[in-house]
1. Report, by residue number, each residue of the range 64-115 that is assigned to a loop (DSSP other than H, G, I, E, B), within 16 Å of the chain's Cα centre (by Cα) and at pLDDT below 85.
2. Confirm whether residue 10 is closer than 28 Å to residue 125 by Cβ, modelled with pLDDT of 85 or more and surrounded by 15 or more Cβ atoms within 10 Å (Cβ to Cβ).
3. Among the residues of the range 41-63, what is the count of those that are touching a helix residue (DSSP H, G or I) at 6+ places or on another chain (Cβ under 8 Å) and either in a strand (DSSP E or B) or crowded, with 20+ Cβ neighbours inside 10 Å (or both)?
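The values are calculated or read from the model by the stated rules, or taken from the named source; none is laboratory data. All values reported here derive from a predicted model rather than from experimental measurement. Counting neighbours? That spans all protein chains shown, and the Cβs are built from the backbone with ideal geometry, glycine included.
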């Protein structure tokens, strides 16, 4: 079990150096266009918690509103976003948690259309090393968490995000082996509590 993995769902307080206003606005417009043009993405991910603990797995993103993070054994965790809810299965505790998708930092990635204004506040924009990093949180709800998106600029591609909690603990998720435009089975984003399946099998 990875200590700190819940930071994937909540966190905040990261301010980044500002770019010139015109450059910043142009950069944000590119980020919006990228996400609004993105349909599906599959990638391997490496998650690193604030205490250095790490885990790998496979991520599926199907905009809008669907996402799945399947961790490799022995990490007993599954995260599924669908139907405006975020399901978190902790296999070690054998416990399922459900929260509204919009109350999590990752909910920003699944909005359609994604707009980095209004009820989303941009806390920082930075360009360096061929990457564009944008930190955002839900306006009026900073305690729900902030997420820093790191996108490769040429061509634009989501490569990483970092969620930082109220105690300044960061959880970093880095994507690799990225594939876009694939067709996914909708059943992949259905959450079936393993306890129900086990109960059915035991009743046979």
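1. Residue satisfying the conditions is 104 alone.
2. Spelling it out, it is not the case that residue 10 is closer than 28 Å to residue 125 by Cβ, modelled with pLDDT of 85 or more and surrounded by 15 or more Cβ atoms within 10 Å (Cβ to Cβ).
3. Residues flagged as touching a helix residue (DSSP H, G or I) at 6+ places or on another chain (Cβ under 8 Å) and either in a strand (DSSP E or B) or crowded, with 20+ Cβ neighbours inside 10 Å (or both) within the range 41-63 amount to 5.
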